Structure formats: structure tokens, C-alpha cells
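Please read the structure below before turning to the comments.
Only the coordinates and a few stated rules stand behind these numbers; no lab work does. Computed from a predicted structure; not experimentally measured. Cβ: placed from backbone, ideal geometry, glycine included. Neighbour counts: every protein chain shown.
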Amino acid sequence: MDLAAIVQQIGYDMAAAPHRGVVADYIPELKRVDPSQFGLAVMTADGQTYHCGDADVRFSIQSVSKVFTLALALGRMGDQLWTRVGREPSGHAFNSILQLETEHGIPRNPFINAGALVVTDAILAGHPPRETLGEILRFVRAAAGDDNIHINPDVAQSEEQTGHRNRALAHFLLANANLINPPELTCGTYFHQCAIEMTCLQLAQAGRFLMGGPNAPRLVSPERVRRLNALMMTCGHYDGSGEFAFRVGLPGKSGVGGGILAIVPGRASIAVWSPGLNERGNSQLGTLAIEHLARATGWSVFG
Ligand code: GLN
């Protein structure tokens with residue numbers, strides 16, 4: 001298999017793709033991003049890297065950060081976290097509040113916004129947000145083996161100014177005794193973690209610990225790697241998770257910045273980015289590119 005040629009071809013195809021989706025506009029700073037961009041980076045378990053397009057351009061990882069905070073929270077408090085958040089796909093939009101009322105403030109899973117707020121709240125646990133953000137950044141940098149990863153303060157501030165749905169979710173969690181810290185602190189920390197910027201090359205590098213196997217960096221136990229992948233597969237694309245599993249067949253986590261991290265267990269870590277989103281808030285071309293890659297390589301967890 002000529003992976004270099006496959007990746008190059010995907011770069012050409014995506015540059016010519018007519019339907020590029022719509023850039024997220026509810027966070028004003030994200031709306032300014034040029035939708036014509038596309039990047040892809042693939043890192044294999046044997047240490048090879050393949051990339052094309054804008055793979056070295058930084059973008060806002062947004063909800064892809066939820067994978068790292070979940071790994072961190074599980075490392076901190078283990079299975080106790082599951083008393084506060086579930087492990088079922090929600091079938092609802094990432095920012096929906098509907099189920100939170102009927103399900104008594106226990107979010108369906110750690111990747112919808114309500115669940116991610118609980119995870120961040122658990123890591124925060126009375127510490128100053130600055131310290132917790134330092135801890136999150138240290139984890140991501142260690143995973144990537146690269147200290148040149150930062151939070152974009154303008155994106156964080158932009159979401160601070162407009163993140164009323166997330167505040168509503170946090171207050172709803174508090175009303176159900178499922179928030180430990182003041183909502184402002186949990187939301188502020190969450191907005192900043194979402195504003196972490198990375199390139200596809202850095203994100204693919206940071207995702208290697210999720211490949212598992214003898215060559216992957218061992219940041220969490222093999223059992224936890226399997227479970228993180230299971231959650232990415234079932235919940236990583238919100239109400240588009242079934243479609244992503246059907247089309248791609250790999251665990252993946254998307255963000256409204258247009259990034260997707262996908263894992264081929266034991267074989268590769270893939271990061272793709274294109275800012276235009278589909279109607280579920282997942283990268284339009286990012287999904288298409290990983291679908292092409294999975295088809296061309298035969299990579300799938302379903303055999
Ligand atoms: N920061 C975004 C939000 O909370 C993250 C959502 C996403 O990437 N799906 O709305």
C-alpha cells in the first residue's frame with residue numbers, strides 16, 4: 001500500500017471538492033476562519049508520517065479537547081467519574097439541554113457539551129482554573145511530544161462572550177447537584193480548553209497514545225485506551241456518530257473548529273481539518289477525507 005500516494009490524492013480531491021460545508025458562526029472568532037483550507041496528517045505505528053494540504057496550519061481543536069480531558073479525568077478519579085456522566089450516545093445535538101432535564105442532570109456521555117462540562121468540573125475540583133488549564137496543556141503537550149501548543153486567548157474570549165448555552169448547561173448541572181465548582185469557573189476553564197490550537201501534524205502526534213500497541217506512547221492503561229476508543233466510536237460525532245461509524249468505521253472525535261482525530265487501533269493516528277461543517281457540526285471535508293482514506297487503506301475496526 002502506497003500511503004504517501006493515497007494521502008496526496010486525498011489532498012488533490014479535497015482541494016477540488018465543491019461542497020465544503022459551513023464554518024461555525026456561533027463563536028464569532030471561528031467565523032473568521034477561511035473555509036477553503038484543508039489539512040490531513042497520518043502517523044503510523046511504525047513512526048512514519050504522511051501529510052498533505054494545510055497540515056501545518058494551526059486550528060481551534062474545540063471538542064477534540066474532550067478526549068484529552070476525559071483521559072486526564074479518568075486518570076485522576078478512575079471509574080468514579082461514571083457516577084456523574086453516562087456512556088450512551090445521545091442522539092441529540094452536541095449542545096442540547098433536552099435530556100439533561102429528563103435524566104436528572106446526568107449527561108448521556110462525556111463528549112456532548114454537558115458531559116464535557118462535568119469532566120472539566122471534575123478535573124478542576126477546587127483548583128484555580130489557571131492551574132487546571134496548565135495541567136490540560138501539559139497532558140496534550142506530553143501526548144504530542146511538543147511544547148509549542150497553546151490556547152488562543154481571542155477564541156476563548158469570543159466563547160466567553162457568547163457561550164450562554166454552555167452556561168445554561170452548567171447551571172442546570174448545578175441545580176442537579178452535578179457541578180462542584182461555580183459555573184463561571186467550570187465554563188471559563190472549558191472555553192479555554194476548547195480554544196487550544198494545534199496543527200494536524202501536532203494533533204495526529206498527540207493522538208498516538210490512543211492507538212495502543214507496543215509502539216504507542218503509554219499515557220494511560222491499555223484498558224483505558226480501549227474504552228476511550230469505544231466512546232469516540234459511539235459518541236465522538238454526537239448525533240452524527242452512527243453515520244461516521246457507518247461511513248468510516250473508525251473511532252473519531254470531532255470539533256466545531258473543523259478538526260477530527262481518528263484512530264486506527266494498533267496502526268495509525270489520523271488528524272484532519274477543514275473548517276466547513278455539515279449539518280451536525282462535524283467537518284464536511286474532514287469526514288469525506290477520512291472516509292476516502294479508510295476505503296483506500298482498508299482500515300476499519302469492523303474487519
Ligand atoms: N466550544 C464549543 C462549544 O462548547 C465546542 C463544541 C464542539 O466542538 N462541538 O460549543
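The table that follows gives values for the structure above.
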quantity	calculated
Top-ranked residue of segment 225-249 - restricted to ones that are outside any helix (DSSP H, G or I) and over 14 Å from the mean Cα position of the chain (by Cα), ranked as surrounded by the most Cβ atoms within 10 Å (Cβ to Cβ)	248
Some residue of segment 208-224 being assigned to a loop (DSSP other than H, G, I, E, B), of a type outside the set (Asp, Glu), in contact (Cβ under 8 Å) with a residue 40 or more places away in the chain and crowded, with 24+ Cβ neighbours inside 10 Å	no
Index of the failed condition, residue 281 passing every other in (1) assigned to a helix (DSSP H, G or I); (2) within 16 Å of the ligand (Cβ to nearest atom)	(1)
Qualifying positions in segment 250-265 - within 16 Å of the ligand (Cβ to nearest atom) and in a strand (DSSP E or B)	252, 253, 254, 259, 260, 261, 262
Tally of residues being surrounded by 18 or more Cβ atoms within 10 Å (Cβ to Cβ) and within 16 Å of the ligand (Cβ to nearest atom) across segment 174-196	14
Helices (runs of 4 or more DSSP H) wholly inside segment 11-119 containing at least 3 residues that are under 26 Å from residue 288 (Cβ atoms) and within 16 Å of the ligand (Cβ to nearest atom)	28-31, 65-77
Residue in segment 141-173 that is nearest to the ligand (Cβ to nearest atom), counting only those that are farther than 15 Å from residue 190 by Cα and either assigned to a helix (DSSP H, G or I) or within 16 Å of the chain's Cα centre (by Cα) (or both)	172
Only listed residue being surrounded by 16 or more Cβ atoms within 10 Å (Cβ to Cβ) and touching a Lys or Arg at 6+ places or on another chain (Cβ under 7 Å), chosen from 41, 45	45
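Condition check ((1) in contact with a strand residue (DSSP E or B) (Cβ under 8 Å, 6 or more places away or on another chain); (2) in contact (Cβ under 8 Å) with a residue 12 or more places away in the chain; (3) of a type outside the set (Phe, Trp, Tyr); (4) surrounded by 18 or more Cβ atoms within 10 Å (Cβ to Cβ)) across all residues:
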position: 21; (1), (2), (3), (4): yes, yes, yes, yes
position: 57; (1), (2), (3), (4): yes, yes, yes, no
position: 70; (1), (2), (3), (4): no, yes, yes, yes
position: 77; (1), (2), (3), (4): no, yes, yes, no
position: 84; (1), (2), (3), (4): no, yes, yes, yes
position: 96; (1), (2), (3), (4): no, yes, yes, yes
position: 113; (1), (2), (3), (4): no, yes, yes, yes
